[in-house]
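> One structure, as structure tokens, below. Some questions next.
The values are calculated or read from the model by the stated rules, or taken from the named source; none is laboratory data. On a predicted model such as this, the values are computed, not experimentally measured, just so you know. Note that each Cβ is placed from the backbone with ideal geometry, even for glycine, and that neighbours are counted across all protein chains shown. Heads up: the accessible areas ignore ligands, DNA and RNA and are worked out on the full protein's heavy atoms, side chains in. Shrake-Rupley method; radii C 1.70, N 1.55, O 1.52, S 1.80 Å.
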Amino acid sequence: MIAGVLLAASYFDAHNHITGILPYQAYANLPAYVAEFSDPKRTIGVADRLALYRYLADVWYPKEGAALDDRLFSPADNQRFALGARAAIVVYRSEVAGSAVALDGTLERVLTATPWSEFDSAYAFRGGPAGAYLRETFYGGSDERLNADLCKGTVLELAATHIDESEQSVPFLGGWKFSHGASYPLQTIECIMHAPADASLRNALSAMKRPMPSIKIVLMTHTAQLAALSGGKQYGEWSKTGSCSATMLPEAIATAPKAIYDGLMGWNAGRAVVPATEAAQYFDDVVGIDTAAPETTCFTGDGMEYYERLAAAVYDASKSRRLAGWHGKLLIHTHVGEGAVVDYAPSPPPQPWSFVNLFASLPATRTNASQAQANISMLLGAIRRFKAEHPDAGRYVIFRLAHVTWASPLQARAMHDAGVEADVNLESNVATGAYPVARMPLGPALLANRILPLAQNPATNFQLNDLLGTLIGNPSDPSQVGDVLGNAALKHLLEAHVLCLMGTDAAGVEHSDIVKEYEYAGSLIAYWKRTDPAFRSAFGKDDVGRLFANVREHLADMDSDTAPPY
């Protein structure tokens with residue numbers, strides 16, 4: 001299996017977040033980044049990247065970052081700027097001007113998921129100070145102009161990275177959230193809807209010799225509500241104490257099922273937010289929901305009752321769309337079983353921060369794999385109840401679980417029996433620590449022989465920003481891939497014949513690439529068939545082509561008005 005063979009295929013990305021697709025460099029000069037696709041003379045230079053760093057270090061950090069002191073990243077108190085990212089801004093201050101490696105490595109550590117900086121922190125920096133820098137430096141303070149270029153750059157980046165079709169999460173926390181007549185989710189959806197008619201996009205794609213990618217939108221809510229406690233004002237969360245504890249639910253992220261129904265219908269409080277002439281296209285382009293967040297949550301009975309009401313809103317919207325002449329199903333996509341990693345817990349590194357006490361080894365972490373598995377079981381129970389109460393659900397909705405990184409063989413079989421899809425995000429799981437070094441077949445040896453020597457040397461430390469890319473030199477080599485990813489839950493899912501799809505989980509944040517995802521998966525299939533007779537017997541004669549066939553099956557099911565045979 002070689003990349004050239006895979007590149008002949010059409011690539012579908014089943015799990016992508018539209019706000020995390022752009023590479024970190026784009027935040028240094030977005031106009032140049034967009035222009036470069038059609039004009040190679042327009043590039044993002046060292047001066048651009050240094051100016052972004054100076055903004056983060058000299059404007060944002062003194063104003064906001066320093067006040068966070070040594071506080072840990074924590075969804076529990078809505079503090080989303082990771083300590084490792086903040087520390088990178090401080091520790092490398094004297095080096096970035098004289099070293100492109102230090103400059104790029106620092107920006108990458110701030111704006112992507114690395115062993116020292118969580119993915120949600122990268123989103124916080126992109127949507128916060130880095131976004132503010134772009135808006136004020138290049139767009140005259142206009143959110144509308146900035147968002148238009150973010151959208152345009154995203155479409156071009158998808159095409160450049162061979163993503164032909166994708167399902168993209170757009171934040172929808174609390175609904176449309178109109179302010180002064182504008183709504184970021186709506187602006188993003190409208191940009192995607194109108195992209196095929198954009199002459200500048202068509203010209204850039206022509207120069208790239210790439211087709212216009214097909215982008216479908218799912219509206220993203222927050223998994224904290226799946227962990228709701230009695231009364232709905234609090235939810236169960238474990239990152240602070242190590243066990244499930246009551247935490248206040250921020251009002252800003254609470255999303256009512258009625259808001260989801262309205263969003264899927266193109267309404268806001270019952271009133272249309274898209275012109276009647278575009279309603280049919282809106283139905284075709286907005287295809288379901290996604291519920292996501294760092295999995296520091298503890299799903300509850302009350303949370304599952306909310307989930308079933310959320311699913312009912314999607315089911316009802318699908319029925320209402322059919323009555324309006326639309327055909328197809330809506331997706332109910334839920335992040336679960338990924339697990340969470342809390343870095344530098346329970347004690348932060350001592351100050352003053354330095355390379356030695358922060359970056360010369362991988363940070364101390366807490367994970368909660370058992371809670372991730374418990375959440376999978378809770379969610380599968382809710383899906384089974386929903387399907388029992390709605391016997392025709394298979395005609396209107398498709399359930400898919402995202403990541404299920406810690407799914408057991410028993411849970412994989414339960415997913416198959418419930419007719420639930422899965423998406424697998426191998427590179428993302430390593431980038432976020434959801435699939436930790438300790439779980440890798442050669443984990444202790446990799447840590448001692450390869451990771452720590454790179455980490456302890458300032459000249460090589462930044463290589464570990466992309467941990468998986470550093471550990472696997474050849475994604476097409478089954479032995480290399482098996483030594484690192486051989487314990488991935490993809491094995492259990494394939495053995496149980498769950499309909500599995502591959503995803504990047506947003507390439508710009510997760511150091512991922514859809515072509516590599518399929519290469520890794522193909523190598524794992526070859527590795528398991530060679531080393532595990534039980535897998536070989538269960539999976540049969542298929543290879544990576546099974547995953548491409550799954551895409552065709554999923555897309556056909558999304559377009560169908562009938563329930564699938566399983």
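A quick yes/no check of all residues on (1) at pLDDT below 95; (2) surrounded by fewer than 19 Cβ atoms within 10 Å (Cβ to Cβ); (3) not in a helix (DSSP H, G or I):
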position	(1), (2), (3)
SER121	no, no, no
LEU134	no, no, no
THR137	no, yes, no
LYS152	no, no, no
ALA159	no, no, no
GLY175	no, no, yes
LEU186	no, no, no
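> State which residue is surrounded by the most Cβ atoms within 10 Å (Cβ to Cβ) when the search covers only the range 276-309 and only residues that are touching a strand residue (DSSP E or B) at 6+ places or on another chain (Cβ under 7 Å) and more than 22 Å from ALA434 (Cβ to Cβ).
Selected residue: VAL286.
> Select from the range 80-98 the residues that are outside any helix (DSSP H, G or I) and either aromatic (Phe, Trp, Tyr) or within 18 Å of ALA122 (Cβ to Cβ) (or both) and list them in ascending order.
ARG80, PHE81, ALA82, TYR92
> For the range 54-88, enumerate the residues that are surrounded by fewer than 23 Cβ atoms within 10 Å (Cβ to Cβ) and aliphatic (A, V, I, L, M).
ALA57, VAL59, ALA66, ALA67, LEU68, LEU72, ALA76 - these are the residues of the range 54-88 that are surrounded by fewer than 23 Cβ atoms within 10 Å (Cβ to Cβ) and aliphatic (A, V, I, L, M).
> Quick check on the range 303-313. Is at least one of its residues over 19 Å from ILE376 (Cα atoms), part of a helix (DSSP H, G or I) and free of Cβ contacts under 8 Å to residues at least 60 places away in the same chain?
yes
> If you don't mind, there's one more thing I want to ask. Within the range 360-377, is there a residue that is closer than 30 Å to SER560 by Cβ, touching a residue at least 12 places away in the same chain (Cβ under 8 Å), open to solvent by 50 Å² or more (accessible area, probe 1.4 Å) and not β-branched (Val, Ile, Thr)?
There is at least one residue in the range 360-377 that is closer than 30 Å to SER560 by Cβ, touching a residue at least 12 places away in the same chain (Cβ under 8 Å), open to solvent by 50 Å² or more (accessible area, probe 1.4 Å) and not β-branched (Val, Ile, Thr).
> Another question about this same structure. Within the bounds of the range 257-266, is there any residue that is more than 27 Å from ARG385 (Cα to Cα), open to solvent by 10 Å² or more (accessible area, probe 1.4 Å), of a type in the set (D, E, K, R) and part of a helix (DSSP H, G or I)?
Within the range 257-266, none of the residues are more than 27 Å from ARG385 (Cα to Cα), open to solvent by 10 Å² or more (accessible area, probe 1.4 Å), of a type in the set (D, E, K, R) and part of a helix (DSSP H, G or I).
> Just checking, does the range 328-351 include any residue being touching a strand residue (DSSP E or B) at 6+ places or on another chain (Cβ under 9 Å), part of a helix (DSSP H, G or I) and touching a residue at least 24 places away in the same chain (Cβ under 8 Å)?
Taking every residue of the range 328-351 in turn, none turns out to be touching a strand residue (DSSP E or B) at 6+ places or on another chain (Cβ under 9 Å), part of a helix (DSSP H, G or I) and touching a residue at least 24 places away in the same chain (Cβ under 8 Å).
> Another question about this same structure. When the range 427-440 is examined, which residues are found to be in a helix (DSSP H, G or I), touching a helix residue (DSSP H, G or I) at 6+ places or on another chain (Cβ under 6 Å) and surrounded by 24 or more Cβ atoms within 10 Å (Cβ to Cβ)?
Scanning the range 427-440 gives GLU427, SER428, VAL430, ALA431, THR432.
> Shifting gears a bit: Would it be correct to say that VAL101 is touching a residue at least 12 places away in the same chain (Cβ under 8 Å), in a helix (DSSP H, G or I) and open to solvent by 40 Å² or more (accessible area, probe 1.4 Å)?
Yes, satisfied.
> On to the next question. Testing ALA488 on (1) among the small types (Gly, Ala, Ser); (2) part of a helix (DSSP H, G or I); (3) touching a residue at least 60 places away in the same chain (Cβ under 8 Å), one condition comes back false. Which one is that?
It fails just one condition, (2).
> Further question on the same structure: Among the residues of the range 25-48, which ones are open to solvent by less than 30 Å² (accessible area, probe 1.4 Å) and either charged (D, E, K, R) or touching a residue at least 40 places away in the same chain (Cβ under 8 Å) (or both)?
Passing the criteria: ALA26, TYR27, ALA28, ASN29, LEU30, TYR33, VAL34.
> Further question on the same structure: Would you check if there is a residue in the range 547-554 being free of Cβ contacts under 8 Å to residues at least 24 places away in the same chain and surrounded by fewer than 22 Cβ atoms within 10 Å (Cβ to Cβ)? Let's see the steps before the verdict.
In the first step, residues of the range 547-554 are kept if they are free of Cβ contacts under 8 Å to residues at least 24 places away in the same chain; the result is 549, 552.
Cutting the leftovers down to surrounded by fewer than 22 Cβ atoms within 10 Å (Cβ to Cβ) gives us 549, 552.
There is at least one residue in the range 547-554 that is free of Cβ contacts under 8 Å to residues at least 24 places away in the same chain and surrounded by fewer than 22 Cβ atoms within 10 Å (Cβ to Cβ).
> From the list THR221, THR161, which one is out of contact with any Leu (no Cβ under 6 Å at 6 or more places or on another chain), among the β-branched types (Val, Ile, Thr) and more than 27 Å from ALA32 (Cα to Cα)?
Details: THR161 fails: more than 27 Å from ALA32 (Cα to Cα).
Within the list THR221, THR161, the selection yields THR221.
> Only one of these is assigned to a loop (DSSP other than H, G, I, E, B) and either over 20 Å from ASN550 (Cβ atoms) or in contact with a helix residue (DSSP H, G or I) (Cβ under 7 Å, 6 or more places away or on another chain) (or both): ALA455, ALA459, ALA414. Name it.
Matching residue, one of ALA455, ALA459, ALA414: ALA459.
> Name the one entry in VAL481, VAL424 that is in contact with a strand residue (DSSP E or B) (Cβ under 8 Å, 6 or more places away or on another chain), among the hydrophobic types (A, V, I, L, M, F, W, C), under 30 Å from VAL110 (Cβ atoms) and open to solvent by less than 20 Å² (accessible area, probe 1.4 Å).
VAL424
> Kindly list, by first and then second residue, each pair from a residue in the range 381-403 that is open to solvent by 10 Å² or more (accessible area, probe 1.4 Å) and assigned to a helix (DSSP H, G or I) to a residue that is of a type in the set (Gly, Ala, Ser) and at pLDDT 95 or above, limited to pairs with Cβ atoms under 6 Å and residues at least 6 apart or on different chains.
Taking only residues 6 or more apart or on different chains, the pairs are ARG384/ALA418; LYS387/ALA393.
> Scan the range 502-517 and report the pairs whose first residue is in a helix (DSSP H, G or I) and whose second residue is among the acidic types (Asp, Glu), with Cβ atoms within less than 8 Å and a gap of 6+ or a chain change.
Qualifying pairs under 8 Å: ALA507/GLU157; ALA507/ASP513; GLY508/GLU157; GLU510/GLU427; ILE514/ASP13; LYS516/GLU427; GLU517/GLU427.
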